[in-house]
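First comes the structure, then the notes that go with it.
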Amino acid sequence: MNRDHSGRSKLLTIQIVVIIGAAVLISKAFTLQLLNNSFRSRAQVIAIDKNTVYPSRGVLFDRNGKLMISNNPMYDLMVTFKQVDPDMDTLKFCQLLDITKETFVKNLNKDWSNIRFSKSKPFVFLKKLSVPTFARLEEHLHEFSGFYPVLRNIRGYPVSAGAHLLGYISEVSPGDIEKGEGVYTPGDYIGTIGLEKQYEKYLRGSKGYKYELKDNLGRIVGSFDEGRKDIEPVAGSDLTTAIDIDLQAYAEWLMAGKVGSVVAIEPTTGEILTMVSTPTYDPNLLIITRERGKILSELLKNPEKPFFDRATMAKYPPGSIFKPIVGVIGLNEGVIRKNSSFKCQMGYYYAGRTYGCHRHGPVRDLANAVQISCNSFFFNTIRNIIDQYGFYNPQKGLDRFTTDIHKFGLGNKLGIDFPNENAGNIPTSAYYDKIYPKKKGSWKSPTVMSIGIGQGEIQLTSIQMANLAAIIANRGYFYTPHLVTKMSDGTPIDKKFTTKKSVDIPADKFEPIVKGMRDAVLSGTATLANIPGIEICGKTGTSQNKGKDHSVFFAFAPKDNPKIAIAVYVENGGWGSSYAAPIASLVAEKYINGTITESRKPLETRMHETAITTINTVQVDAH
């Protein structure tokens, strides 16, 4: 009897436990399926989407903290073909986006045999939606399943200057994707030219990813695993540059209507203050919009080649601004003295031929030779350098000269932090042996003495010319010119930009050159470059050309404790004193004083308003 009662008790206990358990399960199911909408929606999940979250691209500041490149929001409209409702209101959708029905059909239907596309994976339906267009679409987006926006950033340029040096971004090419080794995917943007290209790996940042749950209608119903698998994007590094963007804009304004370049450097640091190439264009023209392709095509067709960077890529004959370098090397080699005189009778005479020079009195010394820019003096000096081992051994003398010249950063790329820099050309004995191959010794110092006045085979870039001015300003040393001075992620700039480079010539050897350049401004060939209250030292050049000659000038200021070294090259500008010298002095005055002396305002206006037609330009190869 007791045994039977015990059995019934156990059975009752089991029944009670089962009933309670069932009640709990029913209650939980009721809560999940009827009361809690989120769980009911998750039950309908058919996909987990991995969506890219693009980082903010690093911005660029000038040396004074002024923004040069900013980020502005833009949207790409993505779509997953299988999630598009075939009965959607296509007309309304097209009106919201301001596109045609034909564009809708073309953008939605892809070549599904191409592995790049899949009906079940998102792809770009429409790029570059402006903020107003996206705002118009956003409030109706829930009506169009399968479509969703991705926030991107396009570049903006608060100051409409510096197009060449800043560069622009473009959509990646298949080659970019391959070389990127997994960094880029179709639709990404990459720096194409200028600083955008040079510092791409720092500016681009790192993409993030967000995993989202979607239902059978393509609607987001929540994040996967409560967002634990999401990866936050890392913004690109902001760059602080050495550029003075207001000075850049001013130099471009002065060079309006002219073809050429302006490069200015801070001598004591090698920091590039301005780097102008003209003709130029408003960088805002190439922000990523739907009209960009047409604008880009028009710029590419322009015969004056506005995309060609004449500051770093054009190879120019320097003309007479090369004479100070020949003079200081001749002085250091001991083939001339600082008080060496020379009697020039409007030319240099050799073997019955006259090599012309302009009218002036006898050359008193090296400083005076620089001041009056005597061709004959420097023909004689370069011959003395080349012939220092004998008239019949010019190879050894020339190669000694080129060894010295290379220390000035010529004949090789300077190594600036900018793409496509050209090395220029400094001829060696091997170079002339190829030009005159008949027999050994078929060329002598008279054959090549035009290099002594910066003509012949000598070719420099504008950045190299400005650096020469910096070397003279520093009396014999320089820092590799550079544009970026700081990165916000803490990455230090390359040590080569903070390493002093000596040309191995004592400082006192530069003093006659400095004096001659100062005298040239006071009472020589460059009087238009004189700045009231500022001791500017400069040298003009008139570079021979098949058409009208090129106007050249380099300078530094002040004479002691210099703040700026500058080179200006105006193609087909004629005399160096005509355009290059006044433009350089105005830029220097603007940088040092912040304003232009009232008495020089008419000169400023004339430089801006004068347009020069180019007749025969220089080499424009980038190799």
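Every read-out reported here was derived from the displayed coordinates using simple, explicitly stated rules and does not represent laboratory data. This one's a predicted model, so the numbers in the text were calculated from it and none came from an experiment. Please note: Cβ atoms are built from the backbone with ideal geometry, for glycine as well, and neighbour counts cover all protein chains shown.
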Full-stretch length increase - S502, R606 - with 0.36 nm per residue and alpha-carbon distance subtracted
33.5 nm
Modelled label-to-label distance, T403 and S206, 7 Å Cα→beta-carbon offset: nm?
5.0 nm
Cα-based reach from K66 at 28 Å (exclusive), listing lysines while leaving out same-chain residues under 8 positions away
K128, K197, K201, K207, K258, K486, K495, K496, K563, K590, K601
Amide H contacts under 5 Å for M68, placed H, 5+ residues apart:
L60, F61, D62
For the stretch 163-213, report the translational diffusion coefficient in µm²/s to the nearest whole number, using Stokes-Einstein at 10 °C, 1.306 mPa s, and a Kirkwood Rh over Cα pairs.
134 µm²/s
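Relative contact order (percent) for the chain, with alpha-carbon contacts under 8 angstrom and 6 or more residues of separation?
14 percent.
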Would you kindly calculate the mean projected area, averaged across all directions, of the convex hull enclosing the Cα atoms of the stretch 75-154, in square nanometres?
5.3 nm²
Convex hull volume per residue for the stretch 529-615, taking Cα atoms only, in Å³
74 Å³
Taking θ = phi - 60°, what integer Hz values does the Karplus form 6.51 cos²θ - 1.76 cosθ + 1.60 yield along the stretch 490-496, in sequence order, with x for Gly and Pro?
x, 4, x, 6, 4, 4, 5
For H482, H164, H142, what ranking results if the residue with the fewest other Cβ atoms within 10 Å of its Cβ goes first?
H142, H482, H164
What ranking of C537, C357 emerges when the number of other C-beta atoms within 10 Å of each C-beta is taken as an exposure proxy, fewest first?
C357, C537
Site T289, offset 7 angstrom along Cα→Cβ, radius 14 Å on amide nitrogen, limited to the stretch 121-143, gives 128-133
Which far-off residues, 5 or more places away or on another chain, put their amide H under 5 Å from the one on G347, with H placed in the peptide plane?
C357
For n ≥ 4 DSSP H runs only, could you compute -39500 (n - 2.57) per run for the chain, divide by its residues and tell me the 222 nm figure to the nearest 500?
-9500 deg cm²/dmol
If I histogram all Cα-Cα distances within the stretch 378-440 using bins 5 Å wide from 0, what percent of pairs lands in each bin?
4, 16, 21, 22, 17, 10, 7, 3, 1
Intensity falloff of the stretch 245-609 expressed as log10 I(q)/I(0), Debye formula with alpha-carbon point scatterers, at q = 0.13, 0.15 Å⁻¹
-1.01, -1.31
Once Lys and Arg are counted +1 and Asp and Glu -1 for all other residues with Cβ under 13 Å from that of G538, the total becomes +2
What net charge is computed for the residues neighbouring V234, neighbours being all others with C-beta under 12 Å from the C-beta of V234, Lys and Arg scored +1, Asp and Glu -1?
+1
Distant alpha-carbon pairs in the stretch 227-308 (separation over 22 angstrom), percent:
48 percent
Distant-in-sequence amide H partners of I193 (H built 1.01 Å from N, under 5 Å)
Y168
Which value, in Å³ per residue, describes the convex hull spanned by the Cα atoms of the chain?
252 Å³
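More than 19 angstrom separation, counting every C-alpha pair in the stretch 278-381; what % is that? Mind showing how you got there, number by number?
Working: 3220 of 5356 pairs.
That tail contains 60 percent of the Cα-Cα pairs.
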Using 0.36 nm times the number of residues separating I99 and S113, minus their current alpha carbon distance, what extension gain do you get?
2.4 nm
